[in-house]
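The values are calculated or read from the model by the stated rules, or taken from the named source; none is laboratory data. If you're wondering where the values come from, they're calculated on a predicted model, not measured in any experiment. With ideal geometry, Cβ positions are generated from the backbone for all residues, glycine too; neighbour counts draw on all protein chains shown. The area values use the complete protein model at the heavy-atom level, side chains included, leaving out ligands, DNA and RNA. Shrake-Rupley method; radii C 1.70, N 1.55, O 1.52, S 1.80 Å.
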Amino acid sequence: MVRISIPTLPPAPLLPPSALTLLSPTLAASHLAAFLDKGKGKTVILTGAGVSVDSGIRAYRGEKGTYSNPNYKPILYHELVEDSPRGELFRRRYWARSFLGYPPVRDALPNPTHIYIAALQHLGLAPNLITQNVDNLHPKALSLLSSHGAPASTKSRILELHGTLAKVHCLKHRHEQTRDSYQAEISRLNPIWDHEAKEAERTGRRPRTNPDGDVELHGVDYNSFSVPLCRICKAENKEETTIVKPNVVFFGETIPPSVRDESLDLITNSSSLLIVGTSLATYSAFRLVKLASEQGKPVLMISTGPSRADGLKGLEKMDRVAGPILGKYLDEVVKTNSGPDIDAVKKYLHTGVMKRPPEIEGPRAEG
Ligand SMILES: [Zn+2]
């Protein structure tokens, strides 16, 4: 682990959490302005599932920190890769559900919060972003900005801590391909499932998708589903059969060391940390906040509900939805500045979609 020594910062005036939470939107925005100003363009942003809810992607946890879907069982890594008939059945079930569950994630659009964060990155106010989300919406938001005429920026960096659903790779050689090409291969191998998927698109009755792209299906025989193996392995050596998995980190799987090291470096090289829309339930994300706190960096969290970092030294928390505060702050930024980047951001700021997922259902009996 890379550790550099950080000069001691003067203590930031800490407001009690309730006072920060109850600030008017304007005062909350100026608190954010002061925080980013102090960060001098070296603030790193950390986001989680809460940011994507307005794009129709369901968060794992609701406002009270409980799982929003009581029947949800996360996919476990060891089950997905097990080399046995049981593992084979598990992969059929996983890929069948994921095949149907992916299109809504693929088609989801950035909401205002993604747009504001991309603007903060592009304007150099907080160029580096670490996200726990695997839905590809932060990269989409940043590329939308260049389609609004923003001069290309090489300074913005997005680190997807838990990977992305937009790519898959094989376990043996890490041959990578796009998720779209793998989905097309599944369609070719499974005409009945393909028909099912097209019907769901046509009627709009898409199954309920979990944040990792998995769906809930009941009373389905997965034995009829065939899972394509790595086609690059097959092309190189006809005997070789290799399991393909999405480029996401599953429960029970460790983050690739290069990604972990880069996330720690981003924190170490930052001046402060802005946390948006996450309860920090995963250790890989919480560890980053802990590191920032240990390094004496100011940490501002704008997120609803309890979090694992509550009470951590140096952490200020606004227990509220971040989008409107970021929006109010950026409205001021574009009003008081000028230039080609500001012009592009001005046109782009109000392009976020709002498409909340259907109301969370209550517990329901299985079967
Ligand atoms: Zn391969």
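Here's a check for you: in region 1-40, which residue that is aliphatic (A, V, I, L, M), out of contact with any Pro (no Cβ under 9 Å at 6 or more places or on another chain) and open to solvent by 70 Å² or more (accessible area, probe 1.4 Å) is modelled with the highest pLDDT?
27
Given the structure, is residue 286 among the aromatic types (Phe, Trp, Tyr), within 30 Å of residue 191 (Cα to Cα) and either at pLDDT 95 or above or under 25 Å from the mean Cα position of the chain (by Cα) (or both)?
no
Does any residue of region 157-178 turn out to be more than 16 Å from the chain's Cα centre (by Cα), under 24 Å from residue 284 (Cβ atoms) and among the β-branched types (Val, Ile, Thr)?
yes
Looking at residue 49, is it surrounded by 15 or more Cβ atoms within 10 Å (Cβ to Cβ), modelled with pLDDT under 95 and out of contact with any Lys or Arg (no Cβ under 6 Å at 6 or more places or on another chain)?
yes
Anything in region 159-200 that is over 14 Å from residue 98 (Cβ atoms), part of a helix (DSSP H, G or I) and of a type in the set (Ser, Thr, Tyr)? List them, or say none.
Hit for region 159-200 is 181, nothing else.
What residue, of 314, 352, is farther than 27 Å from residue 54 by Cβ, crowded, with 20+ Cβ neighbours inside 10 Å and not hydroxyl-bearing (Ser, Thr, Tyr)?
314
Quick one: in region 164-210, of everything that is away from the ligand (no atom under 16 Å from the Cβ) and over 21 Å from residue 93 (Cα atoms), which residue is most open to solvent (accessible area, probe 1.4 Å)?
Going through the qualifying residues, I end up with 202.
With the requirement that a residue be open to solvent by 20 Å² or more (accessible area, probe 1.4 Å), touching a residue at least 40 places away in the same chain (Cβ under 8 Å), under 24 Å from residue 95 (Cα atoms) and away from the ligand (no atom under 16 Å from the Cβ), what does region 233-270 give you?
Correct list: 249, 251, 252, 253, 255.
Residue-by-condition table, conditions (1) of a type outside the set (A, V, I, L, M); (2) modelled with pLDDT under 95; (3) not in a loop (DSSP other than H, G, I, E, B):
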position	(1), (2), (3)
109	no, no, no
117	no, no, yes
120	no, no, yes
129	no, no, yes
141	no, no, yes
150	no, yes, no
154	yes, yes, no
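Tally the residues that are at pLDDT 85 or above and surrounded by 20 or more Cβ atoms within 10 Å (Cβ to Cβ), restricting the search to region 57-79.
Matching residues across region 57-79 total 1.
Can we say residue 152 is open to solvent by 90 Å² or more (accessible area, probe 1.4 Å), over 30 Å from residue 239 (Cβ atoms) and away from the ligand (no atom under 16 Å from the Cβ)?
yes
Among the candidates 145, 171, 189, 129, which residue alone is over 16 Å from residue 247 (Cβ atoms) and outside the structural domain of residue 279 (by TED's automatic domain parsing)?
Sole residue among the options that is over 16 Å from residue 247 (Cβ atoms) and outside the structural domain of residue 279 (by TED's automatic domain parsing): 189.
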